[in-house]
1. Out of contact with any His (no Cβ under 8 Å at 6 or more places or on another chain), part of a helix (DSSP H, G or I) and modelled with pLDDT under 95: is that true of Gly31 in this structure?
2. Sort out which residues of region 8-38 are hydroxyl-bearing (Ser, Thr, Tyr) and over 23 Å from Gly48 (Cα atoms), and write them in order of number.
3. Please pick out the residue among Glu43, Glu25 that is charged (D, E, K, R) and either more than 15 Å from the chain's Cα centre (by Cα) or not in a helix (DSSP H, G or I) (or both).
4. Within region 13-52, can you find the residues that are closer than 19 Å to Met1 by Cβ, surrounded by fewer than 10 Cβ atoms within 10 Å (Cβ to Cβ) and acidic (Asp, Glu)?
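The values are calculated or read from the model by the stated rules, or taken from the named source; none is laboratory data. Please read all numbers here as calculations on a predicted model, not as lab measurements. For neighbour counting, all protein chains shown are included, and Cβ atoms are generated from backbone atoms with ideal geometry for every residue, glycine included.
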Amino acid sequence: MGLRDDLRLAEDRFEENVSLTDLREALMKVGLQHLDETEECLEEWGYGMTFD
């Protein structure tokens, strides 16, 4: 699912237009409140790998 899909879901839920910028801000705020899960995602993407 992509950001545009999430935007449509939010607009359906609130029954009004939702700013893409507001959605991004909300996603970032929630992500910062869940740093452990954010870190796990980054690790899955290859961050923090060492080749010593």
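1. Answer is yes for this residue.
2. Passing the criteria: Ser19, Thr21.
3. Going through Glu43, Glu25 in turn, just one is charged (D, E, K, R) and either more than 15 Å from the chain's Cα centre (by Cα) or not in a helix (DSSP H, G or I) (or both): Glu43.
4. Residue satisfying the conditions is Glu44 alone.
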